[in-house]
Amino acid sequence: MITRKSKREIEKMQAAGDLLVQAHKEIAKMMKPGITTMEIDTFIEKYLAEHGATPEQKGFNGYPYAICASMNDEICHGFPREEKLKEGDIVTIDMVVNLDGGLADSAWTYAVGNVDEKGKRLMEVTKTSLDKAVEQAKVGNRIGDIGHAIQSYAEGEGFSVVRDFTGHGIGPTLHEEPNIPHFGLPNKGLRLKEGMVITIEPMINEGSWQSQMDTNNWTARTVDGGRSAQYEHTIVITKDGPLLTTDQDK
């Protein structure tokens, strides 16, 4: 079932989004060679607790951490670890904040020190693909318009779009209908309506789009060792256009 959120529910989700944005800004300050993603995980759990919030994905289907930390060829759901980050790594931090029942979900890819030009380009194209998709998240458009915006742009820039993981509806639980693929055809799929809240979270690869699962049964990585990047926003469909509850630029 697809739910459309009330004004009160959206206000709660916005408050969670504001806190999530601040958490990502703290992570940006920490993201340097020598830090570990386990240190970031510990920091985030404490930071959220200090602000009256909890990490929603911890315990979700048994997931054991406050964040997902996916490095280099890991596409998503990477486990935080004690391995120190190195100059040139790229790391995606994905997290979901629950503040008084309001949820916000956002992933961001970070450069560790100086990243090579192709890595920078991967990050840039992934972020731009998200921006282009958000433009399509408006009343009357269809889910296929979102996926097509991502696929046509990213593939046109020489990268590939992961098929095995999608965006989704969110609130009051973490993963709700509808699924939001990051590829597709325009004017196809479910029509977007006012009050829907969705995530758009393209995962873009250097090489093949295909993924393989690690033995932990959570972490997906590329089949060819190419790097992957991801950016994600939580978006409210409003009569005035898309509202980003996780906007880092406001």
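The Cα-based radius of gyration and maximum Cα-Cα distance (Dmax) for the range 154-211 are 12.9, 37 Å. Here the contact order of the range 163-207, divided by its residue count and restricted to Cα pairs under 8 Å and six or more residues apart, works out to 44 percent.
Pairwise alpha-carbon distances in the range 115-250 exceed 25 Å for 25% of all pairs.
Where a ≥ b ≥ c are the square roots of the eigenvalues of the C-alpha gyration tensor, would you call the range 34-134 rounded, which needs a/c under 1.5, or, failing that, prolate if a/b is larger than b/c, or oblate? Because a/c hits 1.5 or more and a/b fails to exceed b/c, the range 34-134 counts as oblate.
Taking all protein chains together, His148, His77 sort by accessible area into His148, His77, largest first [probe 1.4 Å]. Over the range 102-183, the reciprocal of the mean inverse Cα-Cα separation, the Kirkwood hydrodynamic radius, stands at 14.0 Å. Given their separation in residues at 0.36 nm each and the Cα-Cα distance between them, Glu155 and Lys25 gain 43.8 nm when the chain is fully extended. When the chain is treated as a Gaussian network with alpha carbon springs shorter than 10 Å, the biggest mean-square fluctuation among His51, His168, His182 belongs to His51.
Under the combined filter of DSSP loop state and at most 15 neighbouring Cβ atoms within 10 Å, the range 152-184 retains these GluC sites (Glu not before Pro): Glu157. Averaging the sequence gap over all C-alpha pairs within less than 8 Å and six or more residues apart, then dividing by the number of residues, gives the range 90-139 a relative contact order of 29 percent.
Each residue of the range 109-149 gets 58 Å³ once the volume of the Cα convex hull is shared out per residue. Surface composition of the chain: carbon plus sulfur atoms hold 50% of the accessible area, using a 1.4 angstrom probe and ignoring ligands, DNA and RNA. Computed from backbone phi, the HN-Hα couplings of the range 48-62 come to 5, 4, 5, 10, x, 10, 10, x, 5, 7, 5, x, 5, 6, x Hz, rounded to whole numbers (Karplus: 6.51 cos²θ - 1.76 cosθ + 1.60, θ = phi - 60°; Gly and Pro given as x).
Taking Pro55, Pro33, Pro178 in turn, the Gaussian network model of the chain (Cα-Cα springs below 10 Å) assigns the largest fluctuation to Pro33. Taking the range 179-203 and a reference point 7 angstrom along Cα→Cβ of Arg163, the backbone N atoms nearer than 13 Å belong to 182-185.
Measuring nothing but how far apart in sequence close Cα pairs (under 8 Å, 6+ apart) lie, relative to its length, the chain scores a relative contact order of 23 percent.
Using equal-weight Cα scatterers in the Debye expression, the normalised intensity of the chain in log10 at q = 0.08, 0.10, 0.14, 0.16 Å⁻¹ is -0.27, -0.43, -0.88, -1.17.
For Gln57, the residues whose amide H sits under 5 Å from its own are Val96, ignoring neighbours fewer than 5 places away on the same chain, with H placed 1.01 Å from N. The HN-Hα couplings worked out from phi for the range 32-46 by the Karplus form 6.51 cos²θ - 1.76 cosθ + 1.60 (θ = phi - 60°) are 9, x, x, 7, 10, 6, 5, 4, 5, 4, 4, 4, 5, 4, 5 Hz, whole numbers, x standing for Gly and Pro. Taking amide H as placed 1.01 Å from N in the peptide plane, the amide H of His168 sits under 5 Å from that of Ile180, Thr199, each at least 5 places away or on another chain.
By the rule of a C-alpha distance below 18 Å, with chain neighbours fewer than 8 residues away ignored, the lysines paired with Lys58 are Lys46. Accessible area per residue (1.4 Å probe, heavy atoms of protein chains only) ranks Asp94, Asp100 as Asp100, Asp94, with the largest value leading.
Sum up the charges of everything whose Cβ sits under 14 Å from the Cβ of Met123, counting Lys and Arg as +1 and Asp and Glu as -1, but leave Met123 out. Here the charged neighbours net out to -3. Database remark: amide H of Cys76 closer than 5 angstrom to the amide H of Ala220 (H placed geometrically; neighbours at sequence offset of 5 or more, or on other chains; Pro and chain starts carry no H).
The values are calculated or read from the model by the stated rules, or taken from the named source; none is laboratory data. Being a predicted model, the structure only gives us computed values, none of them experimental. Note that each Cβ is placed from the backbone with ideal geometry, even for glycine, and that neighbours are counted across all protein chains shown. Heavy atoms of the whole protein, side chains included, go into the accessibility calculation; ligands, DNA and RNA do not. Shrake-Rupley method; radii C 1.70, N 1.55, O 1.52, S 1.80 Å.
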